Structure formats: C-alpha cells, structure tokens
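**Student:** To start, I am sharing the structure in question, which I have written as structure tokens.
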Amino acid sequence: MKAQIQANYEKRLKRYAALVHGNEPLGLVAKLATYSSLLKQHKLHGDGLLKIEPLLYPLIQAVEIDLHLAVAKLLEDPKRSDRSLFKFLEFCLTNRTNISWQGKEISEDLLLNQRQQLETHRTTINSVMGRRDKFFAHLDKRYFNEPSRIYTDFPLREEEVIALANCVIGVVSSHQTNLGSAVSFHAGEFYTIAVENMVRNLEAGRKMNFPGQLEQ
C-alpha cells in the first residue's frame, strides 16, 4: 500500500516536472522566460521595439496566450480534473503518512503553505481560466460579438501572471528537490539570452538594411 502510493506520487510528480521544466514540448519555465524577456525588451525599447520588427508585437501576444494556456492546464478546478496541481496537493495531504522525501515523512505544513500560496493568486487564476474557457480555447457568444470585451471582463496584469507562473514552478520544484531529484534552475536563462540576441540581431539588421529608419 505505502509503496504503491509512493510510486503514484513520484509518477505524478514526474509528469508535472515535464510540464514545468520540459523542452520538448516546451514547459512553463521556457515559456515564462521567453515572455518575461520579451516584456523586458519592450520596456527597454518602448515603441521603438516595433520599429525594429513590427512582428514582435503579435509575437509577444502569442507568447502571452501560450503562457496563459500553460498555467491554466496546471490549475484546473480539482473537481473537474484529476490532473490539476490542486488535486495533486490534495492527494499529498490525504496520503501524507505514506509518502516520504528521502526517508522523511512529507511535510504537512509545506503542503498547506503551497496550497495557500496558490490561493493567494485566485483572482489571477480566475481571469486566466475565464480568458481560456470563454475565448482562447472556446468561443462564448458574448466574445464572438465583442472580442475585446474579454480583456475587460477578465482583467490581467503582466506581473500578476508572471507571479502566478513562478508560484507554480516553485511548488513543483520544491517537491522535486525534497524528493532528491535534480532540478535545473538555470534553464530559463537560455531563452532569456535567446530573446536578447534576437532583438539585438533584428536591430542590427534593420540599421543595415534600412539606414535611418529607427531614428525617424
């Protein structure tokens, strides 16, 4: 019984780890790093970023939606999905005495704290889910008629989504670390550097191919 529960816990955690840290397909860490870096470049260059390459605007929007969908996938209502991270924490709390971290009983206080940390982002979670369910994954009649209304009915600030994504990453990474699994906390740096290099190369190309255009 105990061995079966432990194996179930580790199997489920491995799947969450793939969704968070994976590269094929891209996990939450890669998507968050790409999104955060694009926002940083936008703040650094202002509207000049779109002069460097107009397609960067729809790219930022596309990466933002992809990040929202990746977060929503992990934070489904536990009553609707057994794959929700909330359901995973429920499983851990219910079976706590049969789950161990390197020979030590899993910490109840840590599990309760993790659930509370996620709940502090409840308003953000609701808006992410609302956008996904009503517009991005399915099309509600209201937003078929008024697409832009989705942003006012389910408001989100960039920093709120980033904070929520970091919270999800932190929960999964904590379980991996306590279990003794290796976790790379530098994987996102590759995508951050890649975005910086992309913008730098695009800027150099714009200056070379269209002299004086960026100064207009």
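**Student:** Report the calculated FRET efficiency for LEU112 and GLU53 (r = Cβ-Cβ distance, R0 = 41 Å), to the nearest 0.05.
**Tutor:** For LEU112 and GLU53, the calculated efficiency is 0.30.
**Student:** Please work out how much length the chain gains when fully extended from HIS45 to LEU214, using 0.36 nm per residue of separation minus the C-alpha to C-alpha distance, in nm with one decimal.
**Tutor:** Length gained between HIS45 and LEU214: 59.7 nm.
**Student:** In a solvent-free Debye calculation with one equal scatterer on each Cα, what is log10 I(q)/I(0) for the stretch 1-209 at q = 0.08, 0.15, 0.19 Å⁻¹, listed in the order of the q values?
**Tutor:** Taken in order of the listed q values, log10 I(q)/I(0) reads -0.34, -1.00, -1.36.
**Student:** Using mean Cβ contacts within 10 Å as the protection proxy, how do 156-165, 194-203 order, highest first?
**Tutor:** Put in order of decreasing packing, that is 156-165, 194-203.
**Student:** Quote to one decimal, in nm, the extra length available between ALA194 and THR120 on full extension: 0.36 nm per residue of separation minus the C-alpha distance between them.
**Tutor:** So the extension gain works out to 23.4 nm.
**Student:** Another one. Provide the gained length on full extension for the span ASN201 to ARG149, in nm with one decimal, where the gain is 0.36 nm per separating residue minus the Cα-Cα distance.
**Tutor:** 15.1 nm
**Student:** Could I ask something else about it? Using mean Cβ contacts within 10 Å as the protection proxy, how do 46-59, 70-83 order, highest first?
**Tutor:** Ranking the peptides 46-59, 70-83 by packing returns 70-83, 46-59.
**Student:** Students often forget the sequence filter, so: which lysines lie under 18 Å Cα-Cα from LYS104 once same-chain residues fewer than 8 apart are removed?
**Tutor:** Within the straight-line limit of under 18 Å, LYS104 reaches these lysines: LYS2.
**Student:** Give, as a single signed number, the net charge of other residues whose beta carbon lies under 13 Å from the beta carbon of PRO147, with Lys and Arg counted +1 and Asp and Glu -1.
**Tutor:** Net of charged neighbours comes to +2.
**Student:** Same structure again: Would you pull out the residues with amide H under 5 Å of TRP101's amide H, same chain only if 5 or more places away, H placed 1.01 Å from N?
**Tutor:** Under 5 Å from the amide H of TRP101 lie the amide H atoms of ILE106, each far enough along the sequence or on another chain.
**Student:** Here is a follow-up. For ARG83, what residues show an amide H to amide H distance below 5 Å, using hydrogens built from the backbone and excluding near sequence neighbours?
**Tutor:** Close amide H contacts, sequence-distant or interchain: none at all.
**Student:** Expressed as a whole number of Å, what is the distance separating the alpha-carbon centroids of the stretch 21-83 and the stretch 116-157?
**Tutor:** Taking the Cα centre of the stretch 21-83 as reference, the centre of the stretch 116-157 is 16 Å away.
**Student:** LYS11: which aspartates and glutamates have alpha carbons under 17 Å from its alpha carbon, excluding same-chain residues fewer than 8 sequence positions away?
**Tutor:** ASP82, GLU90
**Student:** Note down the accessible area of THR152, probe 1.4 Å, to the nearest 10 Å².
**Tutor:** Using a 1.4 Å probe on the heavy atoms, I get roughly 100 Å².
The values are calculated or read from the model by the stated rules, or taken from the named source; none is laboratory data. Here the structure is a predicted model, which is why all the values come from computation and not from measurement. Here Cβ is always computed from backbone atoms with ideal geometry, including for glycine, and neighbour counts include all displayed protein chains. Just so you know, the surface numbers come from the protein's heavy atoms only, side chains and all, with ligands and any DNA or RNA stripped out. Shrake-Rupley method; radii C 1.70, N 1.55, O 1.52, S 1.80 Å.
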